[in-house]
Amino acid sequence: MADLERRLAALEAADRPAPGPQEGDFWALEGLKEQLTGMGAATGGVLFTGAVRLPTGERYEWQHGALADGLLEADWAESAEVFAALGHPVRLRLLREVLGGRRTAAELAELDGMGTTGQIYHHLRQLTGAGWLHTTGRGRHEVPPGRVVPLLVALSTARN
């Protein structure tokens, strides 16, 4: 019985929202600032990173940093297609389902609310063209390893 109570307490604790940042919680930011100081990057930079285990068991570790100068001076319109591909509820659901293990158009077509097979293929082409998906053969799709963490970062920025 004690083991069951312990397991229940662990499950309940997992449902609680994560606490806000505490002193010392900005170790990634502090490390970035040290790197930028050493590089003489006066305007700063950004860093995002993640370690993810998908429901399929696949694991991804990834990080990316960029100097603010390069980002601020770039032609942002060049990124429009990448962001536009994420701007449709069906495409977002397709990405979630692919990350969850449904990899073929036939598996995706079995889901309610996804539209016709033609519509699914249209959305898959949009996602592939923008780099959010690629085909692995035999009609299977996957989110490229270098896009898993950025996709989750983009989703986390959309949350309140």
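No value in this document is a laboratory result; all are computed from the given coordinates. Bear in mind the structure is a predicted one, so any value in this text is a computation, not a measurement. Here Cβ is always computed from backbone atoms with ideal geometry, including for glycine, and neighbour counts include all displayed protein chains.
Taking the number of other C-beta atoms within 10 Å as the exposure measure, put Leu47, Leu127, Leu29 in order starting with the fewest.
The most exposed by this proxy come first: Leu29, Leu47, Leu127.
Hey, how much of the P(r) for the stretch 46-158 falls beyond 23 Å, as a percent of Cα pairs?
32 percent
So what J values fall out for the stretch 78-93 if you push phi through Karplus, 6.51 cos²θ - 1.76 cosθ + 1.60 with θ = phi - 60°, rounded to Hz, Gly and Pro as x?
My calculation for the stretch 78-93 gives 5, 8, 4, 5, 5, 6, 4, 4, 8, x, 10, x, 5, 5, 5, 5 Hz in order.
How would you rank Trp27, Trp62, going from fewest to most other Cβ atoms within 10 Å of each one's own Cβ?
Trp27, Trp62
Alpha carbon centre of the stretch 81-121 versus the stretch 25-53: separation in Å?
34 Å
List Glu78, Glu58, Glu30 from most exposed to least, where exposure is judged by having the fewest other Cβ atoms within 10 Å.
Going from least to most buried by this count: Glu78, Glu30, Glu58.
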